[in-house]
1. Under the √(5λ) rule applied to the eigenvalues of the Cα gyration tensor, what semi-axes describe the equivalent ellipsoid of segment 168-256? Give them in Å, descending.
2. In segment 5-250, if the dipole is taken from +1 on Lys/Arg beta carbons and -1 on Asp/Glu beta carbons about the Cα centre, which of Ser223, Gly125, Pro156 is farthest to the positive end?
3. With the chain treated as a Gaussian network of Cα nodes joined by springs under 10 Å, which of Ala19, Ala204, Ala45 yields the largest mean-square fluctuation?
4. Could you tell me the number of lysine pairs in the chain with C-alpha atoms less than 24 Å from each other, where the two lysines are 8 or more residues apart or belong to different chains?
5. Dipole size in debye (nearest 20) for segment 105-215 around its Cα centre, Lys and Arg Cβ +1, Asp and Glu Cβ -1?
6. Helix 229-240 against the longest principal axis of the chain: what's the angle in degrees, Cα atoms only, rounded to the nearest 10?
7. Quote to one decimal, in nm, the extra length available between Cys192 and Arg15 on full extension: 0.36 nm per residue of separation minus the C-alpha distance between them.
8. Does segment 63-119 classify as rounded, prolate or oblate by the C-alpha gyration tensor (a ≥ b ≥ c root eigenvalues; a/c under 1.5 gives rounded; else a/b over b/c gives prolate, otherwise oblate)?
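What follows draws every value from the coordinates through simple rules; no lab data is involved. As the structure is a computational prediction, the values presented were derived from the model and not from experiment. Heads up, the Cβs are rebuilt from the backbone with ideal geometry, glycines too, and the neighbour counts pull from every protein chain shown.
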Amino acid sequence: MNNDFIYFLGTGGSRHVMAEQLRSTGGIYFQVQGVKGIIDPGPGALTAMLKALPPLRPEELDGIILSHGHIDHCNDVNLLIDAMTRGGLEKRGILWAPEGIIGGPDQVLFNYLKPYLQKIEVLQGKSNYRLGNLTFSTSGVHRHGMETYGFSFDLPAGKLSFLTDTAFYPELTREYQGARWLVINLVLEKNCGGAQHLDIDGVARIIRAIQPRTAVITHFGKSILHRGPEQVAARLQRETGVENIIAAVDGQKIPL
């Protein structure tokens, strides 16, 4: 029996939604190919894990993946490393992250936690990684003001892709081509000021070109929440021809 799933610890994006906690900002938990991990554990990730029914135990995590170092994507990473390793009593788990998160002036990872981990792997563009039976690859560098990547997991039933924060650029549709499940960050209703985030039109162009079997929109900014994510998903269905477009909600579990 296939028990693979993704679970939305939070579906909020942007500093305004994060600061007001209009939606939780905990990122995405996954259980695939026998591996348990989290992508982008922002504020509230640990709390959301423990409040899930049944609880998602941090000490059972195998790895953490960070797309980039903005606070709404990485705030809880140190908490989770400490919990995953039982305060360093059990050396385990892998952290995958861009180099600037691990060291340098914008470092996010606490130095004292580094020896707690089994391994730290620096992410690079268009590269492949493995943990147990799980393999995944990175996109090229996204356009987001700091080193940022998206991810694609190679599963027996098809490709599961996470298209993280970025401005639109045409190569996105090629980098995520072939995704059966496409989880995509949709922050803006309309990008009027050159913000390095996707808006509805950009997401529509991507979904229309890729034609995933299932698309999931998440990481909503305030304008999307005001418009209504479910209404936005319905609009995207009409404009792209993809029938199964889901507007994620906090605490939602999607089987794969």
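1. 18, 17, 12
2. Value: Pro156.
3. Ala19
4. Eligible lysine pairs with Cα atoms under 24 Å apart amount to 14.
5. 380 debye
6. 60 degrees
7. Working it through step by step, the gained length comes to 62.0 nm.
8. prolate
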